[in-house]
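First comes the structure, then the notes that go with it.
None of the figures in this text is laboratory data; all of them are computed from the coordinates on show. Everything numeric here is computed off the predicted structure, so don't read it as measured data. Here the Cβ positions follow ideal geometry from the backbone for every residue, glycine too, while neighbour counts run over all protein chains shown.
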Amino acid sequence: MMREVYITETNCITPLGFNVKSNIEAVVNGKTGIQQHEDSSLMPMPFYASIINNEELNSAFEKISTSKKYSRLEKMMILALEPIIKNSGIELNSKTAFILSTTKGNVTALQNDSEESFQNAHLDVLAKNVSDFFGFITQPIVISNACVSGILAVSIAKRMIQSELYDNVFIIAGDEVSEFVLSGFNSFQAMSDLPCKPYSKNRTGVSLGEAAAAVLVSAEAKNAKIKVIGDSSINDANHISGPSRTGEGLFRSIQNALKEAQIDTDKLDYISAHGTATPFNDEMEAIALSRLGLQTVPVNSLKGFYGHTLGASGLLETVIAIESTNQNMLFESIGFDEIGVSEEINIIQKNEVKNIEFFLKTASGFGGCNTAVVFEKVKSN
Amino acid sequence: MTQNKTYIHDYITIQNNEIVLNGTSVFKIDPTDFADFSKQAYRNFEIQYPKFFKMDALSKLAFLGSELLLSPITVADKENNIALILANKSSSLDTDVKYQESLSNKEDYFPSPAVFVYTLPNICLGEISIRHQLKSENSFFIFDAFNPEFMSNYSNILLNSNKADVVLCGWVEFFNDNYKAFLCTISSEENLKHKNETINTLYNK
């Protein structure tokens, strides 16, 4: 008998709030974190992004530590993890793993030429800094798999728990808005000149964002918020910087995840999709969902609230989707107006009460990677 | 989860201008830089894949190692469920540093998408997947040093849960012309060639 796997704690640090409750309030009220910014140290021209206020971040951090040695991203990550480690009461022993997911980590450290700063740009150093703050005794596991990193971490944590290597896995996923990433997406002409509009006819690209999200994945059913019942992560084997036109990797990832979960497509009540609002990504997702017969399942992208938070996005969006499920409410896919993908899919246009038993989370990213994870609501005792 | 026994099938090491396959040196040249070494290796093995020349160094390193392990075992027009599990210390920092340098000149500010795309360590997994048409599980990990215990445990999980038939796992480290690749193929199919070895002993050979 395979062990069952649950998520028992969640938290997030975003421009919409520094805990799950404040984030849900903002999302329910249709408030977005995306704003226009003028900051030539980030971008030569004004741009739209979802950015955490530094004063709020520093003042929140000062409440848990007086240390000055942490980077901005490290503060976000520590703030996200701190309450869930405390609440859980889990002993950080040899059966407790720590996964850190990120796309670019402390890449801003490269702006400074010093050797010390260069060391800080290493992802294992970032993971050690965060791990040592809490005193994990197992070696940190860093996942850096582009934009699927955050949700891939859930899948890997589930597998490690099922194999009985660990009983508990804390995951932190985080990424920052930086000149590095802004210029890169801009060089691909993938940036939207307005707040992003996932799946819309007039979408022109991504808005970037920053966030840290944290969860505890556990073999323990007590206090479970959701059950993790199937997962898969299949590469397109098609192109390194563009998705497959047929959505093959995503199609197979979802198919495998549903098969493992032992549920049919008609059982899915909700899909929290990737929806970056680039023309190719959204079209690819619509094709994959259509090929699976998922056209009528309500779907949203939360990128309109948070922007694309890269390696954090998959985990942040899972945290929000768990609340959606437990509150039986579908959240509006903000930014959406008129359908702009070739296959009809059921985009959630306004908040709606709906019983949710099963939901699917997906993500796709550079390198042709895709991840799909199926979750089941925990029956209250 | 059922814990079936798994076996190392083939392994390869690339370092110090030399490629060693299953313990035998198959290519060695006089000391040179990696760009030259990788080009000569590509020619030596008569690889026909022009995309190779567009790759960054990390992808070239991972590509060369996987080429010699996967070409004999992948079958065209057939599903090859070979998972890719790679790790390193320096992520994509070699390319990250080059990309960051392109941002520092504000007068001549033309960040290149062709460079930016390689500022992700998992791009090398994408390159290998495209080359061998592997629509399979893949993930890239970062550790401060080669972590044979994790790599071996995670490979076994993928094999035991039937998420992969074969796992290509290993270490592909590249920064500033310092490099080492160690890759091996693992599966549940019995193979006694390396029965007294582990990923760790082979890595340290």
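General observations
- Beta-bridge orientation, the protein assembly as shown: approximately 70 percent antiparallel, per DSSP, counting only bridges with both partners inside.
- Cα centroid separation, region A:19-82 to region A:293-322: 19 Å.
- Calculated from backbone phi, Karplus (6.51, -1.76, 1.60) coupling profile of region B:175-184 in Hz, x at Gly/Pro: 8, 6, 6, 9, 9, 7, 10, 9, 10, 8
- Label-zone membership for region B:168-198, site A:Gln119, 7 angstrom Cα→C-beta point, backbone N under 20 Å: B:174-176, B:178
- Residues A:Asp39, A:Asp167, sorted so that the one with the fewest Cβ neighbours within 10 Å comes first: A:Asp39, A:Asp167
- Part-to-part distance (alpha-carbon centres) for region B:94-115 and region A:96-163, which is given in Å: 24 Å
- Phi to ³J(HN,Hα) by Karplus 6.51 cos²θ - 1.76 cosθ + 1.60 over region A:211-221, Hz, x for Gly, Pro: 5, 10, 10, 9, 9, 10, 9, 9, 7, 8, 7
- Sites matching trypsin sites (Lys or Arg not before Pro) across region A:133-201 that sit in DSSP coil, with at most 13 neighbouring C-beta atoms within 10 Å: A:Lys201
- Cα centroid separation - region A:213-265 against region B:1-23, whole Å: 29 Å
- Considering only beta bridges that DSSP places wholly inside region A:6-218, some 60 percent are antiparallel.
- Chain B: relative contact order in percent, alpha carbon pairs under 8 Å with at least 6 residues between: 34 percent
- Projecting the Cα positions of A:Gln189, A:Leu208, A:Ser218 onto the charge dipole of region A:178-239 (unit charges on Cβ atoms of Lys, Arg, Asp and Glu, taken about the Cα centre) puts A:Ser218 furthest along the positive direction.
- Here the contact order of region A:17-142, divided by its residue count and restricted to Cα pairs under 8 Å and six or more residues apart, works out to 21 percent.
- For chain B, a Gaussian network of Cα nodes joined below 10 Å ranks B:Phe150, B:Phe141, B:Phe110 by mean-square fluctuation, and the top entry is B:Phe110.
- Remark: B:Asp144, A:Asp132 ranked as A:Asp132, B:Asp144, counting other beta-carbon atoms within 10 Å and listing the fewest first.
- Restriction of the chymotrypsin sites (Phe, Trp or Tyr not before Pro) in region B:41-134 to DSSP coil positions whose beta-carbon has at most 15 other beta-carbons within 10 angstrom yields B:Phe45, B:Tyr109.
- Choice from A:Asp175, A:Asp113, A:Asp269 with maximal GNM fluctuation in chain A (Cα, 10 Å cutoff): A:Asp113
- About its Cα centre, region A:6-218 has a charge dipole of approximately 640 debye under the convention of +1 per Lys or Arg Cβ and -1 per Asp or Glu Cβ, with nothing else charged.
- Computed label-point distance, nm, for sites B:Asp33 and B:Asn176 using a 7 Å Cα→Cβ extension: 1.5 nm
- Residue among A:Ser155, A:Ser41, A:Ser233 with the largest mean-square fluctuation in a Gaussian network model of chain A, springs linking Cα atoms under 10 Å: A:Ser41
- Counting Cβ atoms of other protein chains within 10 Å of each Cβ in A:236-245 and taking the mean gives 5.
- Convex hull volume of the protein assembly as shown per residue (C-alpha atoms, cubic angstrom): 144 Å³
- Distance histogram for region A:6-218 (every C-alpha pair counted, 10 angstrom bins, percent rounded to whole numbers): 8, 32, 37, 19, 4, 0
- For peptides A:68-78, A:206-216, B:29-39, sequence by mean Cβ density within 10 Å, most packed first: A:206-216, A:68-78, B:29-39
- ³J(HN,Hα), Karplus 6.51/-1.76/1.60, whole Hz, each residue of region A:227-239, x for Gly, Pro: 10, 9, 10, x, 7, 6, 9, 10, 7, 5, 6, 10, 7
- Antiparallel DSSP beta bridges within region B:7-203, percent to nearest 5: 70 percent
- Per-residue mean of C-beta atoms belonging to partner chains within 10 Å, peptide B:127-138: 6
- Length-normalised contact order of chain A in % [C-alpha pairs under 8 Å, at least 6 apart]: 24 percent
- Going from the residue with the fewest nearby Cβ atoms within 10 Å to the one with the most, A:Ser301, A:Ser200, A:Ser290 rank A:Ser290, A:Ser200, A:Ser301.
- Positive dipole terminus of region B:7-203, leading residue within B:Leu61, B:Ala87, B:Ala76 (C-beta point charges): B:Ala76
- GluC sites (Glu not before Pro) within region B:1-79, DSSP loop, no more than 13 other Cβ atoms inside 10 Å: B:Glu46, B:Glu79
- Dipole magnitude for chain A: about 680 debye, using +1 per Lys or Arg Cβ and -1 per Asp or Glu Cβ, origin at the Cα centre.
- Angle between chain B longest axis and helix B:123-132 axis [Cα atoms, degrees, rounded to 10]: 60 degrees
- Only the Cβ atoms of Lys and Arg (+1) and of Asp and Glu (-1) were treated as charged; on that basis the dipole of region B:7-203 about its Cα centre amounts to roughly 280 debye.
- Under the span-like rule (Cα at least 24 Å along the axis, Kyte-Doolittle mean at least 0.0), DSSP H helices of chain A: A:72-88
- Other-chain or far-sequence residues with amide H under 5 Å of A:Thr276's (modelled H): A:Asp282
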